[in-house]
Amino acid sequence: MTKLRIPAMPLSRRGVLKGAAAVTAAGLILPHTAGAARAQSRGGTFRVGIGHGSTTDSLDPGLWENLYVQTFAAARHNYLIEVGADGQLLPEIAESWDTDDGTNWVFTIRQGVTFHSGKDVTAEDVVASINHHRGEDSTSVVKPLLAAITDVRADGNTVIVTLEAPNADLPYLMTDYHVPIMPGMDGRIDPASTDGCGGYIVESFEHGVQSTLNRNPNYWKSDRAWFDRIELVSILDPAARLNALITGEVHLIDQVDPATIGMLEGRGVARILSIPGNAHYGFPMDSRAAPYNDNNIRLALKYAIDREAMVDVILGGHGAVSNDNPIGPANRYFNTEMEMKTYDPDRARFYLREAGLDSLDVTIAVADAAFSGAVDAGAMFSETARAAGINMTVNRVPNDGYWSNVWLNPNGDTPFCATYWGGRAVEDHMFTTAYAAGADWNESFWSNDRFNELLVAARSEVNEELRREMYMEMQQIVSFEGSTIIPMYNNYVMAVANEIGTPEQISANWNFDGFRCVERWWMA
Amino acid sequence: MIALRVALGIGLLFIVSLIIFGATELLPGDLAQQLLGQGATPETLAALREQLGLNDPAPVRYWNWLSGALTGDFGVSLSNGRPISELIGARLGNTVFLALYAASLAVPISLVLGILAALWRNSIFDRAANAGALTAISFPEFFVAYILVLWLAQTGIFPSMVRINPTTTFGDRIYMTFLPALTLTLVVTAHMMRMTRAAIINLMASPYIEMARLKGLSPLRIVLRHAVPNALAPIINVIALNLAYLITGVVVVEVVFVYPGLGQLMVDAVSNRDIAVVQAVALIFAAAYIALNLLADVLSTITNPRLMHRR
């Protein structure tokens, strides 16, 4: 497989950017084969093997977190707004939306859409669906994300959302996979219900095993949901997943091991889709703890990592180098003008001397729970850092309990560890989640006054040019003063059977065509 | 005699229940943390813990759990709110089905092979059977499984994964589950076969067998009529042990063939801190082990007149 390098072309995601600007990076470098271009047709059963899912998965949208529940959700639910394959916003349950000042938002609800139960989708249902993630007793993981919403109310067939401060990106937040539109009852949704207004009706499901869905005959979209039936199977073992694809038990699998791609292609039964997105792997450093509180040390470490080698070895070439930038090539304001940090031991030594040190001893805590290959990445980092006079001890910690005992340095003994991010459609979403001062998931406990100022200002800035400049500067700050080393963007690598047709362009927003493979793809 | 055995078994089960409860207390992290994962904040954690009743002291939770379990009610899964008995029901059925399927292949094969190997001791057949069985048991299960997938699934003869749903017929089920059952058969046969062979060979040196031989009986009749009944006790024991293994120890095979059995449920539950499910499954496993060993004891007592009619 040849290496896929991402061209420096930002994805446009906005209706206001006209015409040809909507041609995007992802579509240009997808491998196309014969099956991909045939016309759409109805029918068939689409079976998907997913390397996630467990008996403890929940139907409660506030607790969703893995690809299995995400895909299952995309099959049965609709959202207010959809992120199209090209990154642009598409109206879904919200027919249109508008704001005067960025604080008050009006969403007009599409009429004539019904839930699987037959009930009409109303503005009250939308309010209940959003409110499930707000308020004191909410256990939703996106509660912090929607914390800026002060009021949601229904007014006829519109929903009015009021924010505490202007935010031009609110429509993007409404595309979050945690916020499907579900039927409300007395202002609340039933989180244990499978009822939705999406393209497929749940026939049966068993968490961690499989689910089956049948096409919704009343689905309001005429050019979607091509399959008659969807079967989602949880197959955790990578070899079992690959076998299932080769023997025709499933049509699509995720997380294809780079080492097996050549063998799979040789079989001629499936094609590989390698989709560059904003997802990235990184190594956060607790900026409150010595020695990471010194930016010179952080820079020394950033120059002591061999990014190219990591993309080659850890990702098998299915990815791109990152300049310690959580904003990816699929983002609108992706900064490509910054000086690219390369592996440079002399420069790393220079920053060590700036910090008043000849050598440095650090320990990095890694587990493959952070990302597949994290342990190897830690070892590679340790090797390349040695040349810069940095003695890096790789502390291999258990996968079990990684997110509660290691990540975010809860015990004070893991200031330097590994992490992954799925990437976000908008810059603000990513920055607010993990880089704003005091954010719950600010994994490096980093705080930069100028950055925080810009973050708030950019949110409500309506001048496109000024907004771009602000986001450019923020990326510069995070890259050169931030406390997270981000060596690479990882592609979404999936394998799809030849009999499945896929669109020309596949979404870079999330895995599985933004989870929408179930309704966008077809039996060729 | 038998009553005492049963009473001991129940007492043992009670002690095991205490250990199970204690051990799950020692796991790092708790369910609320695991459920929210990367998304946990102190605030949402506290709310979820309160909802799940994780704040009660341990003895209270133990008592609630044990009294429920005795009436067949294991409570609800902490993570998705479904009744555990419902969650376990189908899985237990799958696990027992696979165990019986594998046993119905493995037990006759190993008994026949064992008896024949004893009968033709040191012959080519004996050596070949031993070598084959030992080879199969020496490979890790997943390796045996992958080899079978390569030979029998990728060639299209059998499916590489098991997809059971409520409408699956018994015949389909037998067909779909053949590879996992065969894998398990290969893994357990050596143990049972060699025990059968050894027990019979051991008896073949006894005076009463010598007598039978001098009487002019055929070798097959000597083995089946005179040796096997006296060799039953160790054979029953090793079969029970392997049955228990087939119920409790097949998680690797379940993973490879995507078989929804109890083992995978347990692994899932452990990694997700669904303590209620872990406890329930562990208790079922312990009960299966104790019950099968109990059964083996009882059966070997029955087959041995000296134990049945002790003076």
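The values are calculated or read from the model by the stated rules, or taken from the named source; none is laboratory data. Keep in mind the model is a prediction, meaning the values are calculated, not measured. All Cβ positions, even for glycine, are placed from backbone atoms using ideal geometry, and neighbour counts span all protein chains on display. Just the protein is used for accessible areas: all its heavy atoms, side chains included, with ligands, DNA and RNA removed. Shrake-Rupley method; radii C 1.70, N 1.55, O 1.52, S 1.80 Å.
Using alpha carbons only, the radius of gyration of region A:485-524 set against its Kirkwood radius gives Rg/Rh = 1.07. Taking the DSSP beta bridges with both ends in the protein assembly as shown, the antiparallel portion is around 75 percent. Assuming R0 = 51 Å, what is the FRET efficiency of B:Ile302 and B:Asp56, from their Cβ-Cβ distance, to the nearest 0.05? Efficiency computed from Cβ-Cβ geometry: 0.65.
In units of the compact-protein estimate 2.2 N^0.38 Å, region A:355-411 shows a Cα radius of gyration of 1.23. Highest mean packing first, where packing is the average number of other Cβ atoms within 10 Å per residue, the peptides A:320-333, B:174-187, A:447-460 line up as A:320-333, B:174-187, A:447-460. Take every Cα pair under 8 Å in region B:87-272 that's 6+ residues apart, average their separations, divide by the length, and report that relative contact order as a whole percent. The normalised contact order for region B:87-272 reaches 35 percent.
Altogether, the Stokes-Einstein calculation at 4 °C and 1.567 mPa s, with the Kirkwood radius of region B:53-178 over Cα pairs as Rh, returns a diffusion coefficient of 68 µm²/s.
Assuming R0 = 51 Å, what is the FRET efficiency of A:Asp100 and A:Tyr420, from their Cβ-Cβ distance, to the nearest 0.05? Can you show the working numbers first?
Numbers: r = 39 Å, r/R0 = 0.76.
After rounding to 0.05, the efficiency reads 0.85.
Taking Cα atoms only, the orientation of helix B:178-204 departs from the longest principal axis of chain B by about 40 degrees. For region A:110-184, applying the loop criterion from DSSP together with a ceiling of 13 other beta carbons within 10 Å to the GluC sites (Glu not before Pro) yields A:Glu136, A:Glu164. Here the peptides A:90-100, A:51-61 are ranked by packing, the mean other Cβ count within 10 Å, and the order with the highest first is A:51-61, A:90-100. The helix-only estimate of mean residue ellipticity at 222 nm for chain A, built from DSSP H runs of length n ≥ 4 each weighted as -39500 (n - 2.57), is -7000 deg cm²/dmol after division by the residue total. Per-residue Karplus couplings for region A:161-175, computed as 6.51 cos²θ - 1.76 cosθ + 1.60 with θ equal to phi - 60°, are listed in order as 10, 10, 10, 6, 8, x, 8, 5, 9, 3, x, 5, 5, 6, 8 Hz, Gly and Pro entered as x.
Each helix, a run of at least 4 DSSP H residues, gives -39500 (n - 2.57); summed and divided by the residues of chain B, these come to -23500 deg cm²/dmol at 222 nm.
With the convex hull of its Cα atoms as the shape, region A:97-201 has an orientation-averaged projected area of 6.7 nm².
Note on chain A: lysine pairs with Cα distance below 27 Å, sequence gap of 8 or more or different chains, count 5. For B:Leu217 and B:Leu13, a Förster radius of 41 Å and the Cβ-Cβ distance give a FRET efficiency of 0.35, rounded to the nearest 0.05. For chain B, the longest principal axis of the Cα atoms and the long axis of helix B:228-248 meet at an angle of about 20 degrees. Applying both filters, DSSP loop and at most 11 other Cβ atoms within 10 Å, to the trypsin sites (Lys or Arg not before Pro) of region B:254-310 gives B:Arg310. Placing dummy labels 7 Å off each Cα toward the beta-carbon, the span from B:Val112 to A:Phe480 is 7.9 nm.
Suppose the chain between A:Ser193 and A:Arg229 were pulled fully straight at 0.36 nm per residue; how much longer would it get relative to their current alpha carbon spacing?
Extra length available between A:Ser193 and A:Arg229 comes to 11.0 nm.
For chain A, relative contact order (Cα pairs under 8 Å, six or more residues apart, normalised by length) works out to 23 percent. With one equal scatterer per alpha carbon and no solvent term, the Debye-computed log10 I(q)/I(0) for region A:379-418 at 0.16, 0.24, 0.30, 0.35 1/Å reads -0.47, -0.81, -0.98, -1.15. So for region A:322-369, what percent of the C-alpha to C-alpha distances run longer than 16 Å? When all Cα pairs of region A:322-369 are counted, 63 percent exceed 16 Å. For region A:247-380, the Stokes-Einstein estimate of translational diffusion at 20 °C and a viscosity of 1.002 mPa s comes to 123 µm²/s, using the Kirkwood hydrodynamic radius over alpha-carbon pairs. For chain A, the fraction of C-alpha pairs farther apart than 44 angstrom is 13 percent. Rounded, prolate or oblate: which one fits region B:224-311, using the alpha carbon gyration tensor with axes a ≥ b ≥ c (rounded when a/c is under 1.5, else prolate when a/b beats b/c, else oblate)? Oblate, because a/c is 1.5 or more while a/b does not exceed b/c. The calculated P(r) of chain B, using every Cα pair and 20 Å bins from 0, goes 26, 49, 22, 3, 0 in percent.
Computed from the Kirkwood radius of its Cα pairs, the Stokes-Einstein diffusion coefficient for region B:87-272 at 4 °C and 1.567 mPa s stands at 72 µm²/s. When all protein chains stay in place and ligands, DNA and RNA are ignored, the 1.4 Å accessible-area order of A:His280, A:His116, largest first, is A:His116, A:His280. Normalised Debye scattering of region B:160-256 at q = 0.12, 0.14, 0.22 Å⁻¹ gives log10 I(q)/I(0) of -0.58, -0.68, -1.06, counting only Cα atoms as equal scatterers and leaving out solvent. Per-residue accessible area (protein heavy atoms, 1.4 Å probe) orders A:Asp413, A:Asp125 as A:Asp413, A:Asp125, starting from the largest.
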